[in-house]
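Presented below is the structure to which this report refers.
Laboratory data are not the source of any read-out in this text; all were calculated from the coordinates shown. What you are looking at is a predicted structure, and each value in this text was computed from that prediction instead of being measured. With ideal geometry, Cβ positions are generated from the backbone for all residues, glycine too; neighbour counts draw on all protein chains shown.
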Amino acid sequence: MSGAGWLASPGRALRGEVVVPGDKSVSHRAIMFASLADGVSRIDGFLEGEDARATEAIFRRLGARIETPAAGSRVVHGVGIDGLRAADGPLDCGNAGTAMRLLAGLLAGQSFDSILVGDASLSKRPMRRVTLPLSRMGARIDTGEGGLPPLRIHGGTPLTGVEIATEIASAQVKSALLLAGLYARGRTTVIEPQPTRDYTERMLAAFGWPIDFAPGRASLEGGHRLRATDVRVPADFSSAAFFIVAATLVPGSELRIKRVGMNPRRTGLLHVLRAMGADIHAEAADEQGGEPVADLVVRHAPLRGIEVPVAHVADMIDEFPALFVAAACAEGATVVRGASELRVKESDRIGTVAAGLRALGVRVDETADGATIHGGALGGGRIDSHGDHRVAMAFAVAAQRASGEVAIDDVANVATSFPGFDALAREAGFGLRIAG
């Protein structure tokens, strides 16, 4: 175990309003497309987390001029679709799997070579799932041993649009293929086994690139240009998820979470929690930068275990640590299937969360693609998050219903997606402090 830790214990009822940071997925893509556009774009609500900043730093090194007039704001002077230049060394994606996989597609279409590296966690994440389908378009990308990073991308290779039916439902793989398609001759079409998040499609359209898309399918032709546009990044649903679950679980809670991104390919957790009995209402619905947003008002409610519909799994893949905690506090058993993608996230999220729940006295039966969580009382204990930011935050939520103190180790990576989580959580009512 390594890194800083938290000591978490029951706090008070969660009341009032919270504003969580900007959506990480939208922040990544806004920097990418604004850098490739013709003209000057302004991004507001940008996530000041390490992952999004890693993408920003990479595009600075590739030639884009990016100004920071204030926290959460960026002004990007685009270089045009063909204006990127070679970096003077490897491009460091940090912990950002989204950055590495999307850049694999984008950089495959450039005239120059690139090397993508990451931190220890990212360096253990599989990349052949994106490099192999890209090779069908003509991309030449070498991986490290076992298909792991670093990625060595050979530029100057003509790309050809193809129709690809992907084997796994992954928005990152789909997006990498579409970004390569910007530089390919002809039409690139991606057909998915299940619909995934459509942030890339929506944002390409907002930046003026002709694209056809529907759930589970996206298609575009190369040879167009992106035009600068202003982007307002909604609050990140995955970050809101921890407060949604906490307010549901802690008696007496009534919490409003402001301006949350409500992309239908992102909000599977809402459907599942409501099926379990949660009291969650969306108010003040609007749209920001092509993305639907709303305030979420969450009140405490008792939950019951359910069999999670497989149809919702792809739409909540980042929210499973929070869902597992909700399931642990529900009456009866909750069954999850069809979530094998969780085995290859920042950690093996099924194994890591299951081990943590067992440490708190919860019975969890694992399967290759899911788990059955038997709801019951939570005790105190020590949790190793294995450097996974979402696991760390999920157990801070679990501690609000535990009978004893929960020590959570290795929480430094929380800053990749939710800088200031511990302070905002304490303000909302969590019992949470830095260990030591």
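Structure notes:
- Only aspartates and glutamates eight or more places from LYS258 in sequence, or on another chain, were considered; those with a Cα closer than 16 Å are GLU17, ASP23, ASP44, ASP236, GLU283, ASP286, GLU287, GLU291, ASP295, GLU427.
- Structure-derived P(r) over Cα pairs in 20 Å bins from 0, in percent - corresponding label in (i) 24, 52, 22, 2; (ii) 24, 56, 18, 1; (iii) 27, 58, 15, 0: (iii)
- The alpha carbon centroids of the stretch 383-403 and the stretch 189-263 are separated by 25 Å.
- Residue of PHE418, PHE59, PHE112 that the Gaussian network model of the chain assigns the largest fluctuation, springs spanning Cα pairs under 10 Å: PHE112
- Overall form of the stretch 187-322 per C-alpha gyration tensor (a/c, 1.5; a/b vs b/c): oblate
- Distance between the 7 Å Cα→Cβ label points at SER73 and ARG217: 4.3 nm.
- Value at 222 nm in deg cm²/dmol, rounded to 500, when DSSP H runs of n ≥ 4 in the chain each add -39,500 (n - 2.57): -8500 deg cm²/dmol
- Sparse packing (at most 11 other Cβ atoms within 10 Å of the Cβ) combined with a DSSP loop state is found for none of the GluC sites (Glu not before Pro) in the stretch 258-364.
- Length-normalised contact order for the chain - Cα pairs under 8 Å, 6+ apart - percent: 20
- Here GLU167 and HIS271 are evaluated by their C-beta separation; at R0 = 25 Å the FRET efficiency comes out at 0.45.
- Relative contact order %, the stretch 324-436, counting alpha carbon pairs below 8 Å whose residues are six or more apart: 24
- Share antiparallel - DSSP beta bridges, the chain, percent rounded to 5: 70
- Calculated FRET efficiency, GLU17 to HIS224, Cβ-Cβ distance, R0 = 35 Å: about 0.25 to the nearest 0.05.
- Shape class of the stretch 24-232 from the Cα gyration tensor (axes a ≥ b ≥ c, square roots of the eigenvalues): rounded, since a/c falls below 1.5.
- Beta bridges per DSSP, both residues in the stretch 24-232: antiparallel share near 70 percent.
- The chain: most fluctuating residue of VAL117, VAL76, VAL245 per GNM, C-alpha cutoff 10 Å: VAL117
- Annotation note: trypsin sites (Lys or Arg not before Pro) in the stretch 136-172 located in DSSP loop regions with a Cβ neighbour count of at most 15 within 10 Å are ARG136.
- Whole-number percent relative contact order across the stretch 24-232, with pairs defined as alpha carbons under 8 Å at least 6 apart: 21
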